[in-house]
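Contents: one structure, followed by commentary.
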Amino acid sequence: MSPRPVIATGQQIGAGWSPALSVAKALAALAEARRTGAEAVYWMADEDHDRAEVASVVGWAEGRLIRHRFRFDARLGTATGWLPWEATHQTEATRLWGPLLEPQTPTLRGHALALGQPLWDRGLRPFSPTDPAVREPIQAELERWRTLNLEDLLAKQADALEAKGAPLPLDPRVQAAWFSLDPRTGRRQRLEPGEALPEGHWLSPGAAIRPLMQSLLLPVAAVVLGPSERAYWRLCEPLWERVELVAPKILPRPSVYVVPRGFTVKPDQLDALKMGAWDRLAGWPGPLPTQRFQLVEPDRAWPAPLQDRFMKEQTRSRERLNKLDHRLHREAAVTALGGDPEQLRQSLFPFGKAQERVIPGLPWLRRGHLIDTILDRMDGASPVILVEEP
């Protein structure tokens, strides 16, 4: 009997399920699996070692977003699944986000597994590629891949993509294709071409080769990917045939925005909202202050410095009146959106970035009705999903 096909997605595990787009990806994979009768799998990228990314989060203090960075007592290069999650981390996290479940194991991996329970309850299966039971059996195949000179194919593909002007979020001509991973300590180190793998260590593929390992471990039919992921997956396009695997279908991840209660906003309004272009949301219906002001030429009999000063004062007045125009458009947008557009902008674009890229996923995971609503809206076609806060 053939194994059930898999709809996969994943993210390097971050404290508090940061950023929230990791939850959006998980729900998109689950929705696609339900539509197609496949199994949804969340790939916990716990052998990645970008510590700054997983440790840098935001929380709330007195109603305001605050930045925070967790500190981990582990050597540089330690993969994220091995980073310790101790009582001090749990205390810090509680201050940021309120009470939360204890980690399943005292590691960042155990922390993420515990917080992801609402997703596991809905049928998503967590999968760790660092589980010895699944990793050790594929080491011989990974070693065979290393003899195939995949680095050369990656470099040629990077050259071709660069010539077309395609984005290169990672450069395989500079970044390592292979690493060694010590399964006892989680230490991950770059392997140069021809360098021997230390005894007792696992071969660990770089980001450009990781999609191949995913399909080696799982019968992946499709993957849910964000924009930058789709860009680096293009690097491995020539590699699938070389390693005798079939490339899965790529499904774009939809963006999710949780809208504060009482507000009404449409997807085509989001760009204007992000820029604070209130006039594009709802223009003031009456005359504007700038329309009641006209520049006039100075009297040529005045001294030249005075003429220049006169023109500059008019320009300053025009700039101040433009601000009044902006204020009137904002008042008009209050009626159209159901509340102050600046408040909505700060909620959907904190720090000037999309909400899902800034806030942790934990607040979404805590509200079962919210994630069920998002899941219901995941129709496989809508690139942007707006859900009112419960």
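The values are calculated or read from the model by the stated rules, or taken from the named source; none is laboratory data. Here the structure is a predicted model, which means the values were calculated and not measured. All Cβ positions, glycine included, derive from the backbone under ideal geometry; neighbour counts span all protein chains shown. Areas reflect the complete protein model, heavy atoms only, side chains present, ligands, DNA and RNA absent. Shrake-Rupley method; radii C 1.70, N 1.55, O 1.52, S 1.80 Å.
Take Ser347 and tell me if it is touching a strand residue (DSSP E or B) at 6+ places or on another chain (Cβ under 9 Å) and open to solvent by 20 Å² or more (accessible area, probe 1.4 Å). Step through it out loud before you land on a result.
Numbers: touching a strand residue (DSSP E or B) at 6+ places or on another chain (Cβ under 9 Å): yes; open to solvent by 20 Å² or more (accessible area, probe 1.4 Å): yes.
For Ser347, the condition - touching a strand residue (DSSP E or B) at 6+ places or on another chain (Cβ under 9 Å) and open to solvent by 20 Å² or more (accessible area, probe 1.4 Å) - is met.
Just to verify a result, which residue in region 92-111, among those that are in contact with a strand residue (DSSP E or B) (Cβ under 9 Å, 6 or more places away or on another chain) and not in a helix (DSSP H, G or I), is most open to solvent (accessible area, probe 1.4 Å)?
Of the residues in region 92-111, the ones in contact with a strand residue (DSSP E or B) (Cβ under 9 Å, 6 or more places away or on another chain) are 92-93, 95-98, 106-109.
Then keep just the ones that are not in a helix (DSSP H, G or I); that gives 98, 106-107.
Values: Gly98: 20, Pro106: 93, Thr107: 26 Å².
The residue in question is Pro106.
In region 153-168, what residues are assigned to a loop (DSSP other than H, G, I, E, B) and surrounded by 14 or more Cβ atoms within 10 Å (Cβ to Cβ)? Talk me through it step by step, then tell me what you get.
As a first pass, look at region 153-168 and keep what is assigned to a loop (DSSP other than H, G, I, E, B): 164-168.
Hit for region 153-168 is Leu168, nothing else.
Considering only region 201-227, state which residues are over 23 Å from Ala140 (Cβ atoms) and in contact (Cβ under 8 Å) with a residue 60 or more places away in the chain.
In the first step, residues of region 201-227 are kept if they are over 23 Å from Ala140 (Cβ atoms); the result is 221-227.
Within region 201-227, Ala221, Ala222, Val223, Val224, Leu225, Gly226 qualify.
Would you pick out the residues in region 142-152 that are part of a helix (DSSP H, G or I) and surrounded by fewer than 16 Cβ atoms within 10 Å (Cβ to Cβ)?
Here is the first cut: in region 142-152, the residues part of a helix (DSSP H, G or I) are 142-146, 150-152.
Within region 142-152, Glu143, Arg144, Asp152 meet the criteria.
Per-residue answers, yes or no, for (1) assigned to a loop (DSSP other than H, G, I, E, B); (2) more than 30 Å from Val259 (Cα to Cα); (3) modelled with pLDDT of 95 or more:
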| position | (1), (2), (3) |
| --- | --- |
| Pro287 | yes, yes, no |
| Gln291 | no, yes, no |
| Pro298 | yes, yes, no |
| Leu328 | no, no, yes |
| Ala333 | no, no, yes |
| Ala336 | no, no, no |
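With region 1-87 as the region, which strands (runs of 3 or more DSSP E) entirely inside it contain at least 2 residues that are among the β-branched types (Val, Ile, Thr) and at pLDDT 95 or above?
Numbers: elements: 6-11, 39-44, 56-61, 64-69.
Result: 6-11, 56-61.
Residue by residue, here is whether (1) under 17 Å from Leu115 (Cα atoms); (2) touching a Gly at 6+ places or on another chain (Cβ under 7 Å); (3) among the basic types (Lys, Arg) holds:
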{"position": "Ala40", "(1), (2), (3)": "no, yes, no"}
{"position": "Ala52", "(1), (2), (3)": "no, no, no"}
{"position": "Arg75", "(1), (2), (3)": "no, no, yes"}
{"position": "Pro84", "(1), (2), (3)": "yes, no, no"}
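For region 351-386, which positions are over 22 Å from Asp121 (Cα atoms) and in a loop (DSSP other than H, G, I, E, B)?
Once the filter is applied, which keeps residues that are over 22 Å from Asp121 (Cα atoms) and in a loop (DSSP other than H, G, I, E, B), region 351-386 yields Lys353, Ala354, Val358, Ile359, Ala381, Ser382, Pro383.
Report yes if some residue within region 169-184 is over 23 Å from Trp85 (Cβ atoms), open to solvent by 40 Å² or more (accessible area, probe 1.4 Å) and touching a Gly at 6+ places or on another chain (Cβ under 8 Å); otherwise report no.
yes
For residues in region 186-230 being among the polar types (S, T, N, Q) and open to solvent by 40 Å² or more (accessible area, probe 1.4 Å), which is modelled with the highest pLDDT? Quick ask: steps written out before the conclusion?
Of region 186-230, the ones among the polar types (S, T, N, Q) are 189, 204, 214-215, 228.
With open to solvent by 40 Å² or more (accessible area, probe 1.4 Å) added as a condition, the list becomes 189, 228.
Numbers: Gln189: 96, Ser228: 87.
The extreme case among them is Gln189.
Please specify each residue of region 284-331 satisfying the condition of being touching a helix residue (DSSP H, G or I) at 6+ places or on another chain (Cβ under 6 Å), open to solvent by 80 Å² or more (accessible area, probe 1.4 Å) and of a type in the set (Phe, Trp, Tyr).
Trp284
When region 350-390 is examined, which residues are found to be without any contact (Cβ under 8 Å) to a residue 24 or more places away in the chain and under 17 Å from the mean Cα position of the chain (by Cα)?
Within region 350-390, just Lys353 meets the criteria.
Might you check whether a residue that is more than 18 Å from Gln214 (Cβ to Cβ), open to solvent by 10 Å² or more (accessible area, probe 1.4 Å) and charged (D, E, K, R) occurs anywhere in region 38-49?
Looking for residues that are more than 18 Å from Gln214 (Cβ to Cβ), open to solvent by 10 Å² or more (accessible area, probe 1.4 Å) and charged (D, E, K, R), one finds none in region 38-49, hence no.
Which of the residues that make up region 332-343 are touching a residue at least 24 places away in the same chain (Cβ under 8 Å) and either hydroxyl-bearing (Ser, Thr, Tyr) or surrounded by 14 or more Cβ atoms within 10 Å (Cβ to Cβ) (or both)? Break it down into steps so the answer makes sense when it comes.
Filtering region 332-343 down to residues touching a residue at least 24 places away in the same chain (Cβ under 8 Å) leaves 332-333, 335-339, 341-343.
Listed by number, the residues that qualify are Ala332, Ala333, Thr335, Ala336, Leu337, Gly338, Gly339, Pro341, Glu342.
Which residues, counting only those in region 119-138, are open to solvent by 30 Å² or more (accessible area, probe 1.4 Å) and not in a loop (DSSP other than H, G, I, E, B)? Write out each step before concluding.
First, the residues of region 119-138 that are open to solvent by 30 Å² or more (accessible area, probe 1.4 Å): 120-123, 125-126, 131-134, 136-137.
Answer for region 119-138, where residues must be open to solvent by 30 Å² or more (accessible area, probe 1.4 Å) and not in a loop (DSSP other than H, G, I, E, B): Trp120, Asp121, Arg125, Pro126, Pro132, Ala133, Val134, Glu136, Pro137.
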